[in-house]
Amino acid sequence: MTTRPTQSLARSGYVRYASIMADRISEDRQEIAEATQRVLVAVALQAYAEAGLSGLCAEGRWEAAVGAMRSYDVRPISGDTE
């Protein structure tokens, strides 16, 4: 079976396009992960500071920080609205 040159060029174009799109999706996922990390660190630091102002000990502050990260809704960061 012989492939005509135009068919093979079209296929290679699709392969390049698919490769470029896969790279973009990978970059988008990385950006979302980094944004999520930044937000969760900020949420944890704020909760830790507020818990300290409320008079909690270090362990209590840590529990408040972890609780804040667990309860934070990350859907808006990822673009998921459901």
Are there any pairs, at least 6 apart or on different chains, whose C-beta atoms fall under 9 Å, with the first in segment 7-26 and part of a helix (DSSP H, G or I) and the second loosely packed, with under 10 Cβ neighbours inside 10 Å and at pLDDT below 75, and if so, which?
-> Arg11/Thr3
Hey, Glu31 more than 19 Å from Arg75 (Cβ to Cβ) and of a type in the set (Asp, Glu) or not | no
Residues (among the hydrophobic types (A, V, I, L, M, F, W, C), under 16 Å from Val43 (Cα atoms) and either surrounded by 15 or more Cβ atoms within 10 Å (Cβ to Cβ) or modelled with pLDDT under 95 (or both)) located in segment 53-68 = Trp62, Ala64, Ala65, Ala68
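The values are calculated or read from the model by the stated rules, or taken from the named source; none is laboratory data. All figures in this text were calculated on a predicted structure; none of them were measured in a lab. Here Cβ is always computed from backbone atoms with ideal geometry, including for glycine, and neighbour counts include all displayed protein chains.
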